[in-house]
Structure formats: C-alpha cells, structure tokens
There are 2 protein chains.
Amino acid sequence: MSIRTPLCDLFDIEHPVLLAPMARVSGGALAAAVSRAGGLGLIGGGYGSADWLEHEFEAAGDARVGVGFITWSLARQSYLLDLTLERAPVALMLSFGDFQPFLPRIRGGKTKFIVQVQTLDQAREAVDAGVDAIVAQGTEAGGHGGARATLPFVPAVVDIAKEIPVIAAGGIADGRGLAAALALGASGVLCGTGFFASDESLASDNAKQTAVSGSGDDTERSSIFDIARGLNWPPDWNNRAMRNSFTQQWSEDIEGLRQNLAEEQVRFEAAWTADDTDIAAVIVGEAADLIRAIEPAQATLHRMISQAEGRLRRIRRIVEPNSKG
Amino acid sequence: MSIRTPLCDLFDIEHPVLLAPMARVSGGALAAAVSRAGGLGLIGGGYGSADWLEHEFEAAGDARVGVGFITWSLARQSYLLDLTLERAPVALMLSFGDFQPFLPRIRGGKTKFIVQVQTLDQAREAVDAGVDAIVAQGTEAGGHGGARATLPFVPAVVDIAKEIPVIAAGGIADGRGLAAALALGASGVLCGTGFFASDESLASDNAKQTAVSGSGDDTERSSIFDIARGLNWPPDWNNRAMRNSFTQQWSEDIEGLRQNLAEEQVRFEAAWTADDTDIAAVIVGEAADLIRAIEPAQATLHRMISQAEGRLRRIRRIVEPNSKG
C-alpha cells in the first residue's frame, strides 16, 4: 500500500494526507493518530491559549506533528508562535490573513512552512515568498474558507506554484477525492471533515453523530456562528457548518442577529456547553456525505489510501483497455 | 489516444466528453464540432424559439448531436420537445425543474434521457425515474446552477446512482479535470466554459476574449443578470458569470436593481446588442482559469483527452514507483 509524492519527502511521511488543523477538534490526540497512521497531523491552534496549546502538544506525545494557526488571530497573540517553534513541529500552516510578518521567525528552522490560500492572488504571494507548500482550499471545506471550488482551483494554483507542492483541501474525505486531487496535479490532500468523527477528535459524540448522519446538502457558508461566538472574522472568509435551527433563524437575517446579539450569544454559549447541535455549530463541509462511521483515524486514513490505489488501478484499465493491472 | 467508459457505449461516441447546452452559445455548429471530434455536442435549447432551434439543427448538419433544455422554461413551450424528438437527437438533457411530466413522451424512443442535478434528492429522483445518465453539476459551473461543489458532490451522486452513469459538470475544462472526474467515479464530463471560446461558439468575439483573459476568481453567482434579462428564474438556482461594472453596481443591492428595473433593462439590452461586456453578462464558470485560446473545439477536446491520459499514466508511477508506464 503506497502512494508516494514529493509531499512524502518534504515532510518525511508515508502517505500524502494531512489532518486539517480544525479549531477545537484537531487536538494532540487526533494529530498524533493521523501521524502514527503515516500521514501528518496538524494541531488546530485556532484561537487557542498557550495553556491549551501546551496541553495538546503533550497529548501528541512523541508523534511527529505540525500546527496550524488562523493568521489574523495569531497576530493578536504572537507569543503562541514562539511557543510553537520551540517545539520544532514538522510543519506550521498559516491561513486567513497576512503571513508575511511571521516569515522571518519561521525561516531557517527545521519547521516547514505551509500557507493555505483561497484565491490565485494569495497563491502568487505564497509562491513569491518561497513557502514550502501551498494548500489550495475550496469552498466546499468545512469551517472557514473562501469562494473558489476545489476541482477548478487546484489546477489553477498548480500552474502558478510550479515546483512548490500543492495540497488540495475542501471536499476530500475518501480515496476517490485523494485520487482526484492527484489527477489535478496536487501532491497530496488536507482533510478536516474526513477526520472530524474520528475516535480521537475533540468534537463531542453528539457532533460526531450529527456529522456522520448529515449530508453535504445540509451544509452552508455563513457568518452567523462567528457573530454568535463573538469572533470578529474579516469579511473575506466565512464558515461552512451543518444547517440547524440557528441557521434557519438567522442566516437570512444577519441584521436581526446583530440586533439581538446579547441574548443570542448567551443562548448559543449555553447550547455549546450543553452540546445541543440544533443551535451550536457542527463545523463540517460538503464531504459529510462521504463519512459514515465514528472510527479510529487510522482506519479512515488507510481506507483512503487503499481506495485511491484501487481507483487509480481501475482507471488505468479505462485508459489502456488491454492492461491487466 | 483513447479513454473509454460506459458513457462511450451509451451514446456511441469515442470520448466521454459532452458539450454543455449553453443557451445562446452552444448552437448547431459548436455541437457538431464537438461531436465530430469524438464527443457529444448538446445544442442549448435555452429559452429558444422553434425557429431558432430549427436553424441550429440545420447548422449541425449530419452530425449526431443532442439537445438540452431548461426544464421550467420548456414547460411553458413544450412544443419545442415535440420538434426536438422528431429530429431523434442522440440525447435529451433536462435541467432545473420537474422533469417528470416530460418522461412519457421521451420514453421508448432512441433518444437517451439525461437529467442534470444539483442536490442529492434530485439525484435520487432521477435514479428512481430510471434515467439513462445523470449529470452531477457543481456550483463552480458557469451559468445556472446550485450550491454543491463538483469534487465532493460527484462521488456522493455516484453512490446513489449505482449502475447509472454519472457525468461530472462544473469546473472541468482540461484533461486534469477529466482525469479527476474519472477518479471520482464519473463516467465522463460535461463542459461549458471549456468550449465557450471555441471558434464555433455563438458567443461574441469580445465575450470569448473576456473569458480567455479572465480568471475563475473574477466570477460570481448572482441573480442580477436574470433580473436584468427579465427571466423569472426559480430561486433554487442562480447564475455564475464574470464580474463587471454591472455586478459591482447591483450584486449587493438586488432591491435597488428591482427599483430601477425599467431603465436598467434598457441599459442592459443595449449593452448586450453593442457587445459591451462591462455591462452584459459573460457567462462562464471558475474554469475560466484553464482556457487560454480561441481555437477550434476539436483542438480543445483532443488536448483534453491526451492530457488526461498523460496525467493518469503519471499517477500510475506514483502508485507503482517501479512501473515503466
């Protein structure tokens, strides 16, 4: 069982599959599980505190992991970057904001630098900065993202990136998506939704169950959960999550939500604490259709690899009908 | 040069590539060019008149072509269906609306029946109706469409469709997209943007040039062009086109457009007549990044096939590093 790409050499990993650094979901245990299964787990630095981050590094144990940050949030608490670089993670990924101010502190160490992009201009900037890898993220991704869709976006970024490996993200949760990403010219994939319901994920059991039984048709992009969480996200990005009674009430009435913000924030926080997913956000993407069980991350990753191999072998017979492969 | 799938047998064609029936763009000449190059061209019935349709059938000459209609529009002028079935096209494709009332008239003839879907519920309905093929269309497509993105949507539809061939649409304009679609489990692709700038396309030279020099980053989904054209589209679907001064003025102010509709319709129609693409719509999708020349449709299609073959051969070496293929 083997699919080797330049990404495997870059990170010294067996399979070209990365865990997306999902805030509050991708903790040390999940990142370690993905890394031990042969991929690369990224801890979701999110809006996290130093304590939380230390705790998750400890939870990862001796596994080789990386970390991902929300760039504009990191700019407000940049000591998290120092704390992270002291741990010498395999990779650091920045998304959503201006990564340039952080470059000098990252350069020169052993940590590989990944930038996630949602537009071609962002891709050009990452190439010019000489990053080690670029994640091209499509709008079908769960959580924060932009407007471009993975399938046409990835090859457009590949054409810009030239020798820099491109990692496809958004909508990929099984071996078919991995095989498709490779066909598009990506060197690997970054998966969030695919590991959201893993045993090792920090998501609640209820959230995992909601994700597993949900459909991509039932997700939408919106700003309402950010508003309800008091997160002042820049307008360039919004958040894909499952529809529920909270989205039904407010998605078409952002002004109404703002006018009732004080009480809605209380209601939302209470729902989050009570794990009431009819109000709290279940942050997964369109790939929800493709996840069907709560299981160890290793099982998901190994099935993904063997399914991708199977697809690529089968396609070989489409191209060369006389092949016995 | 050969990529054979069940779709090739279904339509008796050489390459599993269909021309999307783009209204006002996919006329008989373009449909015939795609069919003669080994794919299957679909004439865009659109909102067309009987005269227009007859004219385009004549323009297709003796080429084997199909026809696509906007279902809710066809329901208002269903004599177009009789006129079409008399011509015994290879395939009839219906999109955007309730196809069930048309089924009895289509069944039993030689014409294959294709339904295009944008949600999994629509896919289930098409499977239950026993259609001959399903187009799973992603939101990155140009023109009208829904909210799901191609990469995660296609495998989810494949899982529902079982033995019915699934055709991927949205964001596919080169061989990488075709190879990715096959990896996802599709039996072929339907391409609009990829052929928009073909020599044989009915789009104006100015629109073709705008599309070729544009980027997927510069497209957006909106209802404003439909409103400006006086087309009463159901709210389930909107239209992806290039951004221009008209979208900048009205996309965030639909109410303003409605309030100024009389004069804006006049302005829009005048721009359309004058081929002023800064106001009139250039209806292409995110795959605009991947089209780079105004050229014969045959050149586009044959490059797509050979690029897909090349990608799939290269990936084989990723899976089996010792292969000499």
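Computed from the coordinates by the stated procedures, all read-outs in this text should not be read as laboratory data. Note that the structure is a prediction, hence the values are computed from the model and not measured. Cβ coordinates were reconstructed from backbone atoms using ideal geometry, including for glycine residues, and neighbour counts include every protein chain displayed.
Numbers below:
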{"item": "Violating pairs (Cα-Cα greater than 31 angstrom) within the set A:208/B:162; B:110/B:208; B:110/B:162; B:162/B:208", "result": "B:110/B:208; B:162/B:208"}
{"item": "Fraction of the pair-distance distribution of chain B above 29 Å, Cα-Cα pairs, percent", "result": "33 percent"}
{"item": "Residue-wise HN-Hα coupling along region B:59-75, computed from phi with Karplus coefficients 6.51, -1.76, 1.60 (Hz; x: Gly, Pro)", "result": "5, 6, x, 8, 6, 7, 10, x, 9, x, 10, 7, 4, 5, 6, 4, 4"}
{"item": "Percentage relative contact order, region B:204-325, counting C-alpha pairs under 8 Å, at least six apart", "result": "32 percent"}
{"item": "Rounded to 5, the percent of DSSP beta bridges in the protein assembly as shown classed as antiparallel", "result": "20 percent"}
{"item": "Part-to-part distance (alpha-carbon centres) for region A:35-91 and region B:162-235, which is given in Å", "result": "40 Å"}
{"item": "Residue B:103/residue A:252 FRET efficiency (R0 30 Å; Cβ-Cβ; nearest 0.05)", "result": "0.30"}
{"item": "Contact order relative to length of region A:217-274, as percent, for alpha carbon pairs under 8 angstrom and 6 or more apart", "result": "39 percent"}
{"item": "Copies compared at residue A:121 - label distances in nm, ascending, label defined 7 Å from Cα in the Cβ direction", "result": "3.8"}
{"item": "Ordering of B:74-80, B:137-143 by burial proxy (mean other Cβ atoms within 10 Å per residue, highest first)", "result": "B:137-143, B:74-80"}
{"item": "Length-normalised contact order for chain A - Cα pairs under 8 Å, 6+ apart - percent", "result": "18 percent"}
{"item": "Where a label projected 7 Å from the Cα of residue B:273 along Cα→Cβ would reach, residues of region B:248-266 with amide N under 18 Å", "result": "B:262-266"}
{"item": "Neighbouring partner chain Cβ atoms per residue of A:171-177, average, 10 Å criterion", "result": "6"}
{"item": "Other copies of residue B:55: label-to-label distances in nm, shortest first, labels 7 Å along the beta-carbon direction", "result": "7.0"}
{"item": "Order by protection proxy (mean Cβ within 10 Å, highest first), peptides B:179-187, A:102-110", "result": "B:179-187, A:102-110"}
{"item": "Residue exposure sequence - B:294, A:43, B:3, B:227 - by fewest surrounding Cβ within 10 Å", "result": "B:294, B:227, B:3, A:43"}
{"item": "Size descriptor, Kirkwood hydrodynamic radius, that averages inverse alpha-carbon separations across region A:259-324, Å", "result": "16.1 Å"}
{"item": "Using a 7 Å Cα-to-Cβ projection, residue A:110 label spacings across copies, nm, ascending", "result": "7.0"}
{"item": "Pairs of Cα atoms farther than 14 Å apart, region B:217-274, %", "result": "53 percent"}
{"item": "DSSP bridge pairs, chain B: antiparallel proportion in percent, nearest 5", "result": "20 percent"}
{"item": "Dipole moment magnitude, nearest 20 debye, the protein assembly as shown about Cα centre, only Lys, Arg, Asp, Glu C-beta charged", "result": "2340 debye"}
{"item": "Neighbouring partner chain Cβ atoms per residue of A:130-139, average, 10 Å criterion", "result": "1"}
{"item": "Inter-centroid distance (Cα atoms) of region B:12-27 relative to region B:256-325, Å", "result": "14 Å"}
{"item": "Within region B:217-274: Cβ-based charge dipole about Cα centre, in debye rounded to nearest 20 (Lys, Arg +1; Asp, Glu -1)", "result": "160 debye"}
{"item": "Magnitude of the charge dipole, chain A, Cβ model with Lys/Arg +1 and Asp/Glu -1, debye to 20", "result": "1280 debye"}
{"item": "Label point distance in nm, residue B:49-residue B:162, each placed 7 Å from Cα along Cα→Cβ", "result": "4.6 nm"}
{"item": "Averaged over A:302-313, number of beta-carbon atoms from partner chains that fall within 10 Å", "result": "2"}
{"item": "Alpha-carbon Rg/Rh ratio, for region B:74-228, with Rh computed the Kirkwood way", "result": "0.97"}
{"item": "Residue order, fewest to most surrounding Cβ atoms within 10 angstrom, among A:237, A:72", "result": "A:72, A:237"}
{"item": "For the protein assembly as shown: rounded, prolate or oblate by the Cα gyration tensor [a/c cutoff 1.5]", "result": "prolate"}
